[in-house]
Each structure stands twice: as C-alpha cells, then as structure tokens.
1. Can you tell me the dipole magnitude for the chain around its Cα centre, using point charges on the Cβ only (Lys, Arg +1; Asp, Glu -1), in Debye to the nearest 20?
2. Among the DSSP beta bridges whose two residues both lie in the chain, what percent are antiparallel, rounded to the nearest 5?
3. Within the set of other residues whose C-beta is less than 12 Å from the C-beta of Gly128, count the net charge using Lys and Arg as +1 and Asp and Glu as -1.
4. Pull out a ≥ b ≥ c, the square roots of the eigenvalues of the alpha-carbon gyration tensor of region 144-197, then state rounded if a/c is under 1.5, prolate if not and a/b is larger than b/c, and oblate in the remaining case.
5. Please arrange Thr131, Thr49 by accessible surface area, largest first, computed with a 1.4 Å probe and ligands excluded.
6. Just to be sure I understand, if you calculate P(r) over Cα pairs in 5 Å bins from 0, in percent for this structure, which of (1) 1, 6, 11, 15, 17, 16, 13, 10, 6, 3, 1, 0, 0; (2) 1, 6, 11, 12, 10, 7, 5, 3, 4, 4, 7, 9, 10, 7, 3, 1; (3) 1, 7, 15, 19, 21, 17, 12, 5, 2, 1, 0, 0 do you get?
7. If you fit an axis through the alpha-carbon atoms of helix 160-169 and take the longest principal axis of the Cα set of the chain, what angle between them do you get, 0 to 90°, nearest 10?
8. Can you pick out the pairs among Lys133/Lys158; Lys23/Lys57; Lys58/Lys169 whose Cα atoms lie more than 20 Å from each other?
Amino acid sequence: SFHNAQLGKYELLRLTQRVDDKKMPFIRIMDMRMESKKKGSILSERLITAVHDRLAKKEQTILFLNRRGFSTSLICEKCGHVCECPNCSVALTFHRAAGRVVCHICGHQAVAPGKCPECRDPGIKYSGTGTEKVEDIVGKCFPTAVVKRMDADAMTRKDAFRETLGAFKVGKIDILVGTQMIAKGLHFPNVTLVGIINADLSLHLPDFRAGERTFQL
C-alpha cells in the first residue's frame, strides 16, 4: 500500500498526531526467550508485576491475543501425527470448554481425541496458546481478580458483547482477555495497561503482507 502511495496510485495521508493531542503509549518489548525462570510461561515477569500493580491501584488491564481456543494444535509425540481438518488441511484448534477440536477456516468440529488417532498412543500433546489458555493462566496468577474473556466463542449470546463491555466500563471486570474484537474502537480511561501476548505471532505467517497486517492490527 505504501509502495502504491509512492507511485502515486494511492493518495498518502499522514496522521501526525493522535486525537485530542494524546501522547503515544510507552511500549516495552519483552524477549520471552529470556524468561528462563518461568519456563513455558506466556506472561513475562514484568507483565505479571505490572498487572499486580494495576490491581493494587484499582486500575484495569487488557490482554490481547489474536488466537481463539485453548491449544492451537494437537501433536502425537510418538509418531508425529498432527490433527488436521479433513476439508482444509490446517491444524485443528482445541477448545477446552467445549471439549472439541475445531477448524477455524470451515467450522469442522470433532470430539477432542484422548489418544493419537493414527497410532493410538495416549501421549498426544496439546501445544500452542489461545485466549482460553490465557484466561486460565491469568485466573491462576491473579486469583482475586475478576477476569473475563471476549472472543467469538465467549460472545455467542445476542447481548453478551454489550453486557461484557458495560461491566468492564463500570469497573466490574479487572482483566479483559480477548482477540481483535477488543483491539480497536474502545476507550476506557481506567485501562492503564495493555499486554500483547505473542506479539510477533502474525509476523511469521506465510504472507508478504504479514508485517503490514501486524502493524495495522
């Protein structure tokens, strides 16, 4: 798009300031490879400390991850089989609340397997992270906080979206976990911390626009 603007095909409009002259947020990038003390954790020590600080001040936090479900893939550690959609040939996502594996392309669903469908070994591994897992981990890290998840799976009722945002606005929810539906168009003055989980996830998609789409999101 920028290249087309340079060629004159598109008109380039520059946004040189934010609405009401608001300052840009202060951003900290955490290298999760350095988080050896909490091996396997998806939350950095600094983010955990920052959330505790917000809870103490009665301020609110948003945690963003653009992946639904609990685990993003199921892999057999013995034979290497990956549970894939029979229609789309993409890895099925495990949704723990429903106890099912789901294809996020065509909607195909099946009961989550307790053992490998290929070699019948019980050592099937649930890997990857979705918003369900983030909600689960956050609930364990901050047991006194009120945590709510907003994604397409949680917002199935007609008024669920409006009710959740209403409760968040009046301070009934301390930490809001969600996908891109909470990333844009919201303004809550009491939200003083936003954590982006696996921020570079979408940078590595096999698409030459991955960088631009990540920046835009």
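1. Value, rounded to 20: 380 debye.
2. The answer is about 50 percent antiparallel.
3. Numbers: positive: Arg67, Arg68, Lys125, Lys133; negative: Glu132.
Neighbourhood net charge equals +3.
4. Rounded, since a/c falls under 1.5.
5. Numbers: Thr131 0, Thr49 90 Å².
Largest accessible area first, the residues go Thr49, Thr131.
6. Matching entry in (1) 1, 6, 11, 15, 17, 16, 13, 10, 6, 3, 1, 0, 0; (2) 1, 6, 11, 12, 10, 7, 5, 3, 4, 4, 7, 9, 10, 7, 3, 1; (3) 1, 7, 15, 19, 21, 17, 12, 5, 2, 1, 0, 0: (1).
7. 50
8. Pairs exceeding the cut-off: Lys133/Lys158; Lys23/Lys57.
The values are calculated or read from the model by the stated rules, or taken from the named source; none is laboratory data. As the structure is a prediction and not an experimental result, all values here were calculated from the model. Counting neighbours? That spans all protein chains shown, and the Cβs are built from the backbone with ideal geometry, glycine included. The area values use the complete protein model at the heavy-atom level, side chains included, leaving out ligands, DNA and RNA. Shrake-Rupley method; radii C 1.70, N 1.55, O 1.52, S 1.80 Å.
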